[in-house]
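The values are calculated or read from the model by the stated rules, or taken from the named source; none is laboratory data. If you're wondering where the values come from, they're calculated on a predicted model, not measured in any experiment. Cβ placement follows ideal geometry from the backbone for every residue including glycine, while neighbour counts extend to all protein chains displayed.
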Amino acid sequence: MNKTLSKQTKLVNTLASSDRNDEILLITRVKQNDIEAFEQLYRLHSARVYALCLRLSGNRAIAEEYSQEAFIRAWQKIRLFRGESSFSSWLYRLTTNVVLSQLRKKQLLQTSIDDVSKSQNPTTNQLDTGKIMDMEQAIRKLPDGARTIFVLHDIEGYQHNEISEMTGLAIGTSKTQLHRARKLLKGWL
């Protein structure tokens, strides 16, 4: 049994290594302005980038827009990718930064204090307390700040110090927003 497990482990490692090598070749080609190679990278990562954008924005149309912006930025900045981490990690961090930047711009455009307070303090009228919401619906109902931190920490797996670097928030604020998000989700679910 150990020999079979060992062979399976070697096969998985070989396949993973092969995939990583293929991706490195694609990245090298993209750095040489090969659009077809970039299209292949896009096909490999577009679904997960979109899912991340959707979780952070809570809106499908906006998520599509942010996904497109993330891939535009990836094309523009791929020469900065040094290969110290996996390409997917680099791309998802870039995507997170794109979304957070867009959300900041959106918040700066809001001029009404009433609109801001409503988006940050959902009332019981806005919540369907009689229904059981699925997790995605509940996450979409979170206030922007709490939703962003929850997605980055609990779904994407970033640590508070990394979130602090990405968002410009203090680590304590990140922890507070995460606690708030979890408390709201627990109450809704």
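Tell me, please, whether a residue that is assigned by TED's automatic domain parsing to the domain that holds residue 21, free of Cβ contacts under 8 Å to residues at least 12 places away in the same chain and surrounded by 14 or more Cβ atoms within 10 Å (Cβ to Cβ) can be found in segment 68-85. Looking for residues that are assigned by TED's automatic domain parsing to the domain that holds residue 21, free of Cβ contacts under 8 Å to residues at least 12 places away in the same chain and surrounded by 14 or more Cβ atoms within 10 Å (Cβ to Cβ), one finds at least one in segment 68-85, hence yes. Screening segment 35-126 for helices (runs of 4 or more DSSP H) wholly inside it with 2 or more residues that are closer than 21 Å to residue 157 by Cα and at pLDDT 85 or above returns the ranges 35-57, 60-77, 87-109. Among the residues making up segment 128-187, those that are surrounded by fewer than 20 Cβ atoms within 10 Å (Cβ to Cβ), at pLDDT 90 or above and in a loop (DSSP other than H, G, I, E, B) are 143, 159, 170.
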